[in-house]
1. Mind counting the residues in the range 102-127 that are in a helix (DSSP H, G or I), open to solvent by less than 30 Å² (accessible area, probe 1.4 Å) and touching a Phe, Trp or Tyr at 6+ places or on another chain (Cβ under 8 Å)?
2. Let me spell it out: the conditions are (1) outside any helix (DSSP H, G or I); (2) open to solvent by 80 Å² or more (accessible area, probe 1.4 Å); (3) within 29 Å of GLN30 (Cα to Cα), and ARG80 meets all of them except one. Which number is the exception?
3. Sort through THR96, THR28 and tell me the only one that's at pLDDT below 85, surrounded by 16 or more Cβ atoms within 10 Å (Cβ to Cβ) and hydroxyl-bearing (Ser, Thr, Tyr).
4. From the residues in the range 39-77 that are surrounded by 16 or more Cβ atoms within 10 Å (Cβ to Cβ) and of a type in the set (A, V, I, L, M, F, W, C), which one is farthest from ASN122 (Cα to Cα)?
5. Modelled with pLDDT under 90, within 19 Å of the chain's Cα centre (by Cα) and charged (D, E, K, R), is that true of GLU130?
6. Need pairs with beta-carbon distance below 8 Å; first residue free of Cβ contacts under 8 Å to residues at least 60 places away in the same chain and within the range 59-85, second hydrophobic (A, V, I, L, M, F, W, C) and open to solvent by 70 Å² or more (accessible area, probe 1.4 Å); sequence gap 6+ or separate chains.
7. Give the number of residues within the range 94-132 that are of a type in the set (A, V, I, L, M, F, W, C), within 22 Å of ASP27 (Cβ to Cβ) and without any contact (Cβ under 8 Å) to a residue 24 or more places away in the chain.
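The values are calculated or read from the model by the stated rules, or taken from the named source; none is laboratory data. These numbers come from a predicted model, not from an experiment. With ideal geometry, Cβ positions are generated from the backbone for all residues, glycine too; neighbour counts draw on all protein chains shown. Heavy atoms of the whole protein, side chains included, go into the accessibility calculation; ligands, DNA and RNA do not. Shrake-Rupley method; radii C 1.70, N 1.55, O 1.52, S 1.80 Å.
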Amino acid sequence: MAGLFTLQVKGGLSATRAIDLFIEGADTEQILDQAAAVLLNRIRTRYQQEVDPEGNAWKPSQRVMKYGGNTLIKTGKLFRSIQLYNAPTGMRLIGTDVFYAPYLHYGNQSKGNPARAFMAFNDEDLNLVEKMIIARFT
């Protein structure tokens, strides 16, 4: 039988600390690390598959149509830059430090460059993380 619980955090207590207190012995930092690793892997896998978070294929780049290869992987710099970054306790950040990433992610219609979303997650990703967390406590 599935259950539902709601945790409301008040008084400046961090969400992860509240969860630690609620689930005695839970290592929420480890849970966050695992969840972030799952999301990072899914983002990077979709990038290699050349699909957006909803599974829609990216429009091939002109370079790929002319010479072959992979869209958004000319040198591999952008792909390699998608990493987990240091963040305050209770947070994990997935991002890139490549300055042109937003132009590729969101596109630039005025220049005829379509959006090729890669820095996002979807409901299936969230379901996988939820199942991972539930599995730790069952």
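1. Total meeting the criteria: 1.
2. Just one mismatch for ARG80, condition (1).
3. THR28
4. VAL64
5. yes
6. Once the first residue is free of Cβ contacts under 8 Å to residues at least 60 places away in the same chain and sits in the range 59-85, its partners that are hydrophobic (A, V, I, L, M, F, W, C) and open to solvent by 70 Å² or more (accessible area, probe 1.4 Å) give LEU84/LEU93; TYR85/LEU93.
7. Result for the range 94-132: 1.
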